[in-house]
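The structure appears right after this line, and notes come after that.
The values are calculated or read from the model by the stated rules, or taken from the named source; none is laboratory data. Keep in mind the model is a prediction, meaning the values are calculated, not measured. We place every Cβ from the backbone using ideal geometry, glycine too, and count neighbours over all the protein chains shown.
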Amino acid sequence: MKKKEFTSSKQTYKSIKSGLDTAAKYPDRPNHYYESMPMTERKERHMKNHPNDKNEQKTEKGIQWAKSKKTERDKKLKEFYKTHVYTWISNTRRGWIALPSEEEE
(Lines give C-alpha, C1' and ligand atoms only; values in the text may rest on other atoms or scores of the structure.)
Protein backbone atom coordinates (compact mmCIF):
# COMPACT_ATOMS: atom_id res chain seq x y z
CA MET A 1 0.00 0.00 0.00
CA LYS A 2 1.48 3.30 -1.07
CA LYS A 3 1.52 6.16 1.45
CA LYS A 4 2.14 9.82 0.88
CA GLU A 5 4.02 11.84 3.44
CA PHE A 6 3.66 15.55 3.92
CA THR A 7 6.72 17.35 5.25
CA SER A 8 4.71 19.91 7.26
CA SER A 9 3.61 17.30 9.80
CA LYS A 10 4.80 13.90 10.94
CA GLN A 11 1.46 12.24 10.23
CA THR A 12 1.27 10.02 7.16
CA TYR A 13 -1.75 10.07 4.87
CA LYS A 14 -2.98 7.35 2.56
CA SER A 15 -3.75 8.33 -0.98
CA ILE A 16 -7.28 7.81 -2.21
CA LYS A 17 -6.19 5.24 -4.77
CA SER A 18 -4.51 3.05 -2.17
CA GLY A 19 -7.61 0.86 -1.83
CA LEU A 20 -9.82 -0.30 0.97
CA ASP A 21 -8.26 0.56 4.33
CA THR A 22 -10.03 -2.25 6.21
CA ALA A 23 -8.50 -4.89 3.93
CA ALA A 24 -5.12 -4.39 5.58
CA LYS A 25 -6.59 -4.48 9.10
CA TYR A 26 -8.43 -7.76 8.70
CA PRO A 27 -6.61 -10.00 6.22
CA ASP A 28 -8.37 -13.11 7.57
CA ARG A 29 -11.83 -11.73 6.68
CA PRO A 30 -12.78 -11.88 3.04
CA ASN A 31 -14.37 -8.74 1.60
CA HIS A 32 -17.13 -10.42 -0.38
CA TYR A 33 -18.19 -13.64 1.29
CA TYR A 34 -21.13 -15.46 -0.22
CA GLU A 35 -22.26 -19.01 -0.66
CA SER A 36 -22.78 -20.39 -4.11
CA MET A 37 -26.23 -22.02 -4.18
CA PRO A 38 -29.20 -22.16 -6.52
CA MET A 39 -31.93 -19.53 -6.14
CA THR A 40 -34.59 -22.10 -5.21
CA GLU A 41 -32.48 -23.33 -2.29
CA ARG A 42 -31.74 -19.74 -1.23
CA LYS A 43 -35.46 -18.91 -1.35
CA GLU A 44 -36.35 -21.95 0.80
CA ARG A 45 -33.69 -21.03 3.36
CA HIS A 46 -34.95 -17.45 3.46
CA MET A 47 -38.55 -18.58 3.95
CA LYS A 48 -37.44 -20.85 6.79
CA ASN A 49 -35.58 -17.98 8.47
CA HIS A 50 -38.59 -15.62 8.13
CA PRO A 51 -41.73 -17.71 8.64
CA ASN A 52 -44.04 -14.75 9.39
CA ASP A 53 -43.09 -12.82 6.24
CA LYS A 54 -46.24 -12.40 4.15
CA ASN A 55 -44.41 -10.61 1.31
CA GLU A 56 -46.78 -7.59 1.37
CA GLN A 57 -45.65 -4.15 0.27
CA LYS A 58 -46.06 -1.40 2.85
CA THR A 59 -48.15 1.53 1.68
CA GLU A 60 -47.57 3.78 4.70
CA LYS A 61 -43.92 4.60 4.16
CA GLY A 62 -42.22 7.66 5.55
CA ILE A 63 -41.97 9.33 8.91
CA GLN A 64 -44.63 8.36 11.43
CA TRP A 65 -45.13 11.29 13.79
CA ALA A 66 -46.44 10.57 17.25
CA LYS A 67 -50.12 11.33 17.46
CA SER A 68 -50.05 12.61 21.01
CA LYS A 69 -52.39 15.09 22.62
CA LYS A 70 -51.73 18.78 22.23
CA THR A 71 -49.91 20.23 25.21
CA GLU A 72 -50.81 23.43 26.98
CA ARG A 73 -47.84 25.12 25.34
CA ASP A 74 -49.13 24.15 21.88
CA LYS A 75 -52.55 25.61 22.70
CA LYS A 76 -51.05 28.87 23.95
CA LEU A 77 -48.81 29.14 20.90
CA LYS A 78 -51.74 28.59 18.53
CA GLU A 79 -53.72 31.27 20.36
CA PHE A 80 -50.72 33.63 20.17
CA TYR A 81 -50.50 33.20 16.39
CA LYS A 82 -54.22 34.04 16.10
CA THR A 83 -53.86 37.25 18.10
CA HIS A 84 -50.47 38.48 16.86
CA VAL A 85 -48.81 39.26 13.55
CA TYR A 86 -45.10 39.31 12.67
CA THR A 87 -44.36 42.51 10.81
CA TRP A 88 -41.98 45.45 10.46
CA ILE A 89 -41.65 47.52 13.66
CA SER A 90 -39.17 49.99 12.20
CA ASN A 91 -37.12 50.28 9.03
CA THR A 92 -34.59 47.75 10.25
CA ARG A 93 -36.47 45.53 12.73
CA ARG A 94 -39.31 43.03 12.60
CA GLY A 95 -41.35 41.82 15.54
CA TRP A 96 -44.64 40.51 16.85
CA ILE A 97 -47.52 42.99 17.20
CA ALA A 98 -50.79 42.18 18.95
CA LEU A 99 -53.85 42.50 16.75
CA PRO A 100 -56.66 44.65 18.15
CA SER A 101 -59.41 42.44 19.53
CA GLU A 102 -63.14 43.16 19.69
CA GLU A 103 -62.93 43.70 23.45
CA GLU A 104 -60.45 46.59 23.10
CA GLU A 105 -62.59 48.53 20.59
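Applying a threshold of 9 Å to beta carbon distances and a minimum spacing of six or more residues, or different chains, the list of pairs starting in segment 55-81 at a residue that is within 30 Å of Pro100 (Cβ to Cβ) and ending at one that is in a helix (DSSP H, G or I) reads Lys70/Lys78. Elements of the type helices (runs of 4 or more DSSP H) sitting completely within segment 18-92 and holding at least 2 residues that are among the aromatic types (Phe, Trp, Tyr), modelled with pLDDT of 90 or more and surrounded by 10 or more Cβ atoms within 10 Å (Cβ to Cβ): these cover 72-83.
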